[in-house]
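Below is one structure; the comments refer to it alone.
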Amino acid sequence: MQLKSRHLLGLDGVSREEIGAIMDTAFSFKKVLKRPIPKVPTLRGKTIVNLFYEASTRTRFSFELAEKRLSADTLNFSTSSSSVLKGETLKDTIRNIEAMKIDFVVMRHGASGAPHFLARCIDASVVNAGDGIHEHPTQALLDMMTIQERLGKIKGLQVVIVGDILHSRVARSNIFGLKTLGACVGVCGPATLIPREVESLGVTVYPHIEDALAEADVLNVLRIQLERQKGGLLPSTREYRQLFGITRQRLEQTNRKVTILHPGPINRGVEIDTDVADGPFSVILDQVTNGVAVRMSVLYLLAGGKGKFEGEGNE
């Protein structure tokens, strides 16, 4: 099936069928990535601008690699070497770029809603690569793909998101996507980092990590985003680890095989210990691999691809 929108701005309101189509297509692209020459001509002739106003490693590299694997032409925008430093507005920046006849913009921005504003200004398709504390749809899609790959299903699983929920765009997109696919979703963290309205989204709030671990099939462990906090929300990272850190000892006490995810970057020894992040129940590196396939899938479907990719030949 084709996606209903020509943009991917978030997962709020995206149907189960559309999420399923993205994930099915991503699994087919993962097979492409295992070929001796992991490249197809699917987006040859298309031009994609990567418009990143915030620092990024995994997301930016993943999109760039996905675009190259699809044979698209790419332009990479950096605020440190652009006219933004001279006072150029976002709207003027992108209208000048669009005048060069582009097809897609992949955007990361510190302001919530920036990709939505962009989508109203230009004719190109917009993919949200993370906006403020709002959404990060492709991260949630790759998280769900990884869960599906590891456990064989999503419906009926208990997935608990642990950490700084208040400032997390990853948490919001995961809640929307997981609930749509039939998972039971919980959140756990300091009360100061749990949004007051979160229960209205149909999630369970666990005040103690031990309670969450007693029921969880999957833990998605989030980084404490100190750079987004105004101060006073967290006494110290040391105290956070003592109360909510995912340690080997805590996992062993549950006597459950809990699948561990983390969107990165990891603060080892704070929200998660090294022997857990690198342990047998961790799928963190699988998430990174699946990120390329998911982003290939999104770009392919937004370009008009219909349903599961059937495997065009190498270049």
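No other residue among Ile175, Ile147 is more than 12 Å from the chain's Cα centre (by Cα) and assigned to a helix (DSSP H, G or I) apart from Ile147. Among helices (runs of 4 or more DSSP H) entirely within segment 27-141, having at least 1 residues that are touching a residue at least 60 places away in the same chain (Cβ under 8 Å) and either at positive phi or in contact with a Gly (Cβ under 9 Å, 6 or more places away or on another chain) (or both) singles out 58-69, 114-121. Note on segment 176-221: residues that are under 19 Å from Gly152 (Cα atoms), free of Cβ contacts under 8 Å to residues at least 40 places away in the same chain and surrounded by 19 or more Cβ atoms within 10 Å (Cβ to Cβ) total 3. Applying the condition of being of a type in the set (D, E, K, R) and assigned to a helix (DSSP H, G or I) to segment 250-296 and asking which residue is farthest from Glu210 (Cα to Cα) yields Arg295.
Within this structure, Ile224 passes the test of being at pLDDT below 95, surrounded by 12 or more Cβ atoms within 10 Å (Cβ to Cβ) and β-branched (Val, Ile, Thr).
Rundown of residues vs (1) under 22 Å from Cys188 (Cα atoms); (2) modelled with pLDDT of 95 or more, yes/no style:
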| residue | (1), (2) |
| --- | --- |
| Thr247 | yes, yes |
| Asn255 | yes, no |
| His262 | yes, yes |
| Ser282 | yes, yes |
| Leu302 | no, yes |
| Gly305 | no, no |
| Glu310 | no, no |
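Starting from residues that are at pLDDT 90 or above and in contact with a Leu (Cβ under 7 Å, 6 or more places away or on another chain), keep the ones in segment 70-91 and report whichever is surrounded by the fewest Cβ atoms within 10 Å (Cβ to Cβ). Only one residue fits best here, namely Ser71.
The values are calculated or read from the model by the stated rules, or taken from the named source; none is laboratory data. Source: prediction; values computed, not measured. Backbone-built Cβ (ideal geometry, glycine too); neighbour counts: all protein chains shown.
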